[in-house]
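Presented below is the structure to which this report refers.
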Amino acid sequence: MKLDNAKWFVKQVLSMGFLRIFGMFFSLLVQIVLYRIYPAEMMGQYLVALGIAVFLAQISTLGASKLIIKKIAASNAMTLSSSYLMMSMMLVSLGCSISYFAYSVLVGAFQLPQILPIYGLFSMSLYFVFVAVFYGEGASGLAVFFQYIIQPFVFLCLSLYGFTSFTLIELFAISSAFCSMLAFLYLVKKGYRLRTALPKGSLKQFVEECSTYFGVMFAGLVATHLLLPLGAIWLSDESVALTGIIVRVCNVLFFTVTSVRLLLLPRMVKSYAKRDRKQLKELCQLGMTFPLLVWTLSVTFIIFFGGQILTVFGEQYSHGHNALIFGVFALLPAFAFGWCENLLIAQNIENKVLLASFASMIFSFVGVIVFTNQYQIVGFLAFILGAKSVYAILTWIFSRRLQQ
């Protein structure tokens, strides 16, 4: 059985290997082109706006973009999967209205920048839900194709062709809207239908289950997407731009591994339903081995060539080599223990995931506020990337009993 699981995992990874690697480098290429075209100050402002926009778009799903992966993975009927998609889109409509109104109030009260019109927020939220459906269907390759190739390519084209009446963040939202339409058309062709007659009580149950995932998502997003706007209080626009490069390089590596780990979640859910603890343990081992291998290769490459990587973005960023190495090392526990989140979710222990999320959020927020002013980029990286490692370590502690 262990050999079968290993063969399955290796086959799945290799089948998407070229696409995943190509997508990783292509998304970096888009960032490189943008950094070459636009001045550091403008890129710093764009990254702050992007952090706020992605945060608002993700929380506008009200947790549906997380729950739907598990629901569709466990579903064995297209009509049921269609119901989950329909309910998720209903929650997105509600969530966008609430998020946009709340942020508009904050804009007026604290003179914050107006990031996106409501249609831009809605399109980004739908995009996250549709990609989550791909993962739930086991079509991780398609999800990666949309995330790392199609959307960055459309965004790059819009940026290069000089739509001067739009800001960068608005062009990003337009590219997300285009990809949302493509993804929706694909799901319709696959058999998904927006059913108007939902099973009795299903919407209430779906919303109740989403509430836990919303808490997890909120804490995680605060610890990732809102920290850059917070750090910008003490960092110059140029430092924000350099920090954005380092975080982007680290996150490309991290989220590539995370998307591979999502391959394990549907199988973990099914193994738990069958009470097959042996297979569950084997899947956990696979969830650690591949990420650690990727981390080892990545840190070796960055130690020797990190300076050249930063120079590609611009000569003015080459001094951040040591900070880049530090950032990759800060992610080591996250690479090693990130699979523990899937194990807890598969066994319906979301309350521990929620606790770990809020603990890492508090850690990162306090750390950024206390140390960024004194230690600048290094102090900021220690907590924006270290938050992922704190979260992974806590989920590992909470799942120790389940691994035995």
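The values are calculated or read from the model by the stated rules, or taken from the named source; none is laboratory data. Here the structure is a predicted model, which is why all the values come from computation and not from measurement. Note: ideal-geometry Cβ built from the backbone for every residue, glycine included; neighbour counts use all protein chains shown. Ligands, DNA and RNA are stripped out before the accessible areas are found, and what is left, the full protein with its side chains, is counted by its heavy atoms. Shrake-Rupley method; radii C 1.70, N 1.55, O 1.52, S 1.80 Å.
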Based on the alpha-carbon gyration tensor of the stretch 327-404 and its eigenvalue square roots a ≥ b ≥ c, which shape applies: rounded if a/c is under 1.5, prolate if not and a/b is larger than b/c, or oblate? prolate
Pulled fully out, how much extra length does the chain show between Gln308 and Glu208, if you take 0.36 nm times their separation in residues and subtract their Cα-Cα distance? 31.1 nm
The chain: projected area of the alpha-carbon convex hull, averaged over directions, in nm²: 19.1
Which of Val216, Val370, Val144 moves the most in a Gaussian network model of the chain with Cα springs under 10 Å? Val370
Enumerate the aspartates and glutamates that Lys270 could reach by cross-link, defined here as Cα to Cα under 15 Å, with residues fewer than 8 away along the same chain left out. Glu137, Glu282
Rounded if a/c is under 1.5, else prolate if a/b beats b/c, else oblate: with a ≥ b ≥ c from the C-alpha gyration tensor eigenvalues square-rooted, which is the stretch 253-394? oblate
Phi to ³J(HN,Hα) by Karplus 6.51 cos²θ - 1.76 cosθ + 1.60 over the stretch 67-76, Hz, x for Gly, Pro: 5, 5, 4, 5, 5, 6, 4, 8, 7, 10
Probe 1.4 Å - accessible area at Trp234, Å² to nearest ten: 70
1.4 Å probe accessible area per residue over the chain, in Å²: 44
Given a 1.4 angstrom probe, I'd like the percentage of the accessible area of the chain that is carbon and sulfur, rounded to a whole number. 69
Send over the per residue convex hull volume for the stretch 22-92, Cα only, as a whole number of Å³. 113
Quick one: which of Lys189/Lys278; Lys204/Lys281; Lys204/Lys274; Lys281/Lys388; Lys190/Lys278 span more than 31 angstrom between C-alpha atoms? Lys189/Lys278; Lys204/Lys281; Lys190/Lys278
Hits among aspartates and glutamates - C-alpha to C-alpha of Lys352 under 18 Å, sequence gap 8 or more where chains match: Glu208, Glu209, Glu341
Mean ellipticity per residue at 222 nm, deg cm²/dmol - from DSSP H runs of n ≥ 4 across the chain, formula -39500 (n - 2.57): -27500 deg cm²/dmol
Could you give the dipole magnitude of the chain about its Cα centre, charging the beta-carbon of Lys and Arg +1 and that of Asp and Glu -1, in debye to the nearest 20? 1840
Ranked from the most accessible area to the least, with a 1.4 Å probe and all protein chains present, what is the order of Leu228, Leu344? Leu228, Leu344
Using a cut-off of 13 Å between beta-carbons, work out the net charge of the residues near Ala40 (Lys and Arg +1, Asp and Glu -1, Ala40 not included). -3
